[in-house]
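The values are calculated or read from the model by the stated rules, or taken from the named source; none is laboratory data. Given the structure is predicted, the values throughout are model-derived calculations rather than measurements. Methodologically, a virtual Cβ is constructed for each residue, glycine included, from the backbone with ideal geometry; neighbour enumeration extends over all protein chains shown. Please note that ligands, DNA and RNA were not included when accessible areas were found on the heavy atoms of the full protein model with its side chains. Shrake-Rupley method; radii C 1.70, N 1.55, O 1.52, S 1.80 Å.
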Amino acid sequence: MTALVSAFERVTEVRDEWIELSDGCRLFARIVLPVDADADPVPAVLEFLPYRLTDGTAHRDATHHPYWAGHGYAGVRVDMRGSGNSEGVLEDEYLPQEQADACEVIAWLAVQAWCSGSVGMYGKSWGGFNALQVASHRPPALKAVISAYFTDDRYADDVHYMGGCVLAHEALSWASYMLGLGALPPDPAYVGDRWRELWLARLREQPVFLETWLSHQRRDELWRQGSICEDFAALDCGVLLVGGWADGYTNGVDRALAGLDGAGVPCRGIVGPWSHSWPEVSRPAPRIGFLQEAVRWWDHWLKGADNGAMDEPMLRAWIQDAIVPATRHELRPGRWVASRKWPSPHLSARRLYPSVAGGLSASGPRAGRRLHVGDPLCGSEAGAWCPYGRPTDFPPDQRGEDGRSLTFTTEPLPEPLEILGRPTVALELSVDRPLALVAARLCDVSPEGRSLLVSRGLLNLTHRDGHDRVVALVPGEPVVVQFPLDFAGHRFAAGHAVRLALSPTYWPFAWPSPEPVTLDVRLGEQTYVSLPERDAGADDGPPVRFGEPERAAPAAGGTEIADERTLTTDLSSGEIRSTVVSDERSHLADTGLWFGERQQSSHVLPVGDPRGARLEYHAEHHLRRGEWQIRVLVSTSLTADAEAFTVSSELDAYEGRVRVHALRRSVRIPRDGN
């Protein structure tokens, strides 16, 4: 990794500013500028997040915003309303208020003496979401966005639902993390004596996001708001989309590229092997010179440079080769390919039909039936929904999961098979319960028998007619369903086999159905998997190449991260319990601040009793500088009976040894087709 400091084109300076919005709320901003920007104004690049810029993201921000400034831009990082040092309350994700605030910030930036009047907006995850959402409002100064690890559809691909199923572990752990993070105070080193007043006001209004999310189990107006797929044509600026095959948000690149291009919005996409970290630092490698790509994008759209940024293929993607499955990969072998249009004209659908004997073949449908009783352990080796490349994140060898599923496998392939796109599963099936789900996995099986997860998908079967409605199942009555798996780029080598695995359980990804389910799959012309086969010789244009990774130096200090994942089966109690622990501690040398968090999530499922499923989350967040010491403790749980979910939340906030606030609440929310 290269830390480009001396090679910057311009010397930079840092300014902390307060941006007052029209309703009087003040947002805290950190702006990194070329030192001569007042005399020679530059475009601004905005990142708008709730993750506390003076501590939570300080190390990471230092690698990006000085880089923008060194290349002739103002790097601007703003704490959203109700987060970090900013005033107000953060009530939920991606609200209209958040988008309106960002539009005001952009207007403020555009008229500063050091700004040329052109603004770009970028981010990953939350920042990737809101960059696109804000662009849909067409603020006049916003000329381009870069969105990484995002979704265009808030219901389809985020931490709440997957295929209409409640994303059990992810929904609780993320909502609980935001509860604790949002309960931390502004820093008195920046806010002054008002910090305690602002903190107590924030604590009194602190929301529990999960209560809202579970109150909307269908794709209703809550989820349509902020989903740019509702109107791709609303955007009118240049859009660069970035995804990673190991990330939880890859599907957005596939849909948004097609939707934006179809609406006439100038767009390009890059998908690498990466998990939920920026492409210049992410695991697995290969990493790329992402910041150089970004500067090239900004130069074209914010400065009008004729640099060929829009001459690149619409999609540049890393096609992954098979690898020995492991819970962590440093490198995914493969190669870059390009497509001038998306969807690519070089793709064709290859249908594979299951057989009663467990085969999978392109030779045509074969009649028959296969029964499968759901195994409560299925899903226990799924890995993380949104990996960060940590030691326990990736799915291990799937042979254990395959043994708990209904599987169909091809003969060894006589020649390589390359896919790029979203596989589709179509099934004629029946179940023996009125509420049920189906999980599908596509795996690459090596000659040695190793099973590597390539793609997966879920479908809540009561959503078979759309995610905006619930249609109960009639036990024993056949239905025909079709649903996509995750966007994938993969090469099945000659001698390897393709495996389709089906199951009515996938815990703790998906909240289990209220009763054990038996899946009855009817084989024939309506049951198949369709693979987006790519013509391996159809690369568009010259070979794809990227520069070596660059970034500015991280802030002085350090970060320590420790992760642990365990799975135990308690035979005496009949419970399956998995636990994930994350412990992070950081130090900022320039301000003397120590901060961090420890999180522990447990997923418990009694064998044979899915109504006994429960998730438990415990966390401690802390800030410390000299005698100023803050602790926030969070404990939450999610349980359900046949009729309702129960969300229980506890929060205790301490200044030193004195508890200044406590939250205790338990809310029942009716199950709605889940």
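Numbers below:
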read-out: Subset tally (residues that are of a type outside the set (Ser, Thr, Tyr) and within 19 Å of Ile270 (Cα to Cα)) for region 113-129; value: 8
read-out: Residues (open to solvent by 10 Å² or more (accessible area, probe 1.4 Å), more than 12 Å from the chain's Cα centre (by Cα) and not acidic (Asp, Glu)) located in region 247-277; value: Arg255, Ala258, Gly259, Gly262, Ala263, Gly264, Pro266, Arg268
read-out: Failed item in (1) touching a His at 6+ places or on another chain (Cβ under 7 Å); (2) of a type in the set (A, V, I, L, M, F, W, C); (3) over 19 Å from Phe509 (Cβ atoms), with Leu588 passing the rest; value: (1)
read-out: Those residues of region 81-124 which are crowded, with 24+ Cβ neighbours inside 10 Å, within 21 Å of the chain's Cα centre (by Cα) and in a loop (DSSP other than H, G, I, E, B), in sequence order; value: Ser83, Leu90
read-out: Members of region 139-158 that are open to solvent by 10 Å² or more (accessible area, probe 1.4 Å) and in contact with a Leu (Cβ under 8 Å, 6 or more places away or on another chain); value: Ala141, Lys143
read-out: Test: residue in region 652-664 that is in contact with a His (Cβ under 9 Å, 6 or more places away or on another chain), in a strand (DSSP E or B), open to solvent by less than 40 Å² (accessible area, probe 1.4 Å) and not hydroxyl-bearing (Ser, Thr, Tyr); value: yes
read-out: Failed criterion for Val454 (all others in (1) within 30 Å of Lys124 (Cα to Cα); (2) touching a residue at least 60 places away in the same chain (Cβ under 8 Å) hold); value: (2)
read-out: Qualifying positions in region 3-23 - in a strand (DSSP E or B) and either modelled with pLDDT of 60 or more or touching a Gly at 6+ places or on another chain (Cβ under 9 Å) (or both); value: Thr12, Glu13, Val14, Arg15, Asp16, Glu17, Trp18, Ile19, Glu20
read-out: Elements of type helices (runs of 4 or more DSSP H) contained in region 174-237, each with 3 or more residues being open to solvent by 40 Å² or more (accessible area, probe 1.4 Å) and not aliphatic (A, V, I, L, M); value: 195-204
read-out: Of all residues making up region 126-138, the number that are out of contact with any Leu (no Cβ under 7 Å at 6 or more places or on another chain) and surrounded by fewer than 22 Cβ atoms within 10 Å (Cβ to Cβ); value: 2
read-out: Pick from region 388-428, criterion among the charged types (D, E, K, R) and touching a Cys at 6+ places or on another chain (Cβ under 8 Å), ranking: most open to solvent (accessible area, probe 1.4 Å); value: Arg404
read-out: Val667 being open to solvent by 30 Å² or more (accessible area, probe 1.4 Å) and in contact (Cβ under 8 Å) with a residue 60 or more places away in the chain; value: yes
read-out: Filtered residue count, region 27-60, keeping only those that are open to solvent by 40 Å² or more (accessible area, probe 1.4 Å) and part of a strand (DSSP E or B); value: 1
read-out: Where Ser649 falls short, out of the listed (1) open to solvent by 10 Å² or more (accessible area, probe 1.4 Å); (2) within 18 Å of Leu210 (Cβ to Cβ); (3) polar (S, T, N, Q); value: (1)
read-out: Failed item, numbered, when Ala488 is tested on (1) surrounded by fewer than 18 Cβ atoms within 10 Å (Cβ to Cβ); (2) touching a residue at least 24 places away in the same chain (Cβ under 8 Å); value: (1)
read-out: Residue match in region 332-352 (condition: surrounded by fewer than 21 Cβ atoms within 10 Å (Cβ to Cβ) and among the aromatic types (Phe, Trp, Tyr)); value: yes
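Rundown of residues vs (1) in a loop (DSSP other than H, G, I, E, B); (2) over 30 Å from Pro516 (Cα atoms); (3) open to solvent by 30 Å² or more (accessible area, probe 1.4 Å), yes/no style:
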{"site": "Ala538", "(1), (2), (3)": "yes, yes, no"}
{"site": "Pro542", "(1), (2), (3)": "yes, yes, yes"}
{"site": "Pro554", "(1), (2), (3)": "yes, yes, yes"}
{"site": "Ser586", "(1), (2), (3)": "no, yes, no"}
{"site": "Gly596", "(1), (2), (3)": "no, yes, no"}
{"site": "Gln600", "(1), (2), (3)": "no, no, yes"}
{"site": "Leu615", "(1), (2), (3)": "no, no, no"}
{"site": "His622", "(1), (2), (3)": "no, yes, yes"}
{"site": "Leu638", "(1), (2), (3)": "no, no, no"}
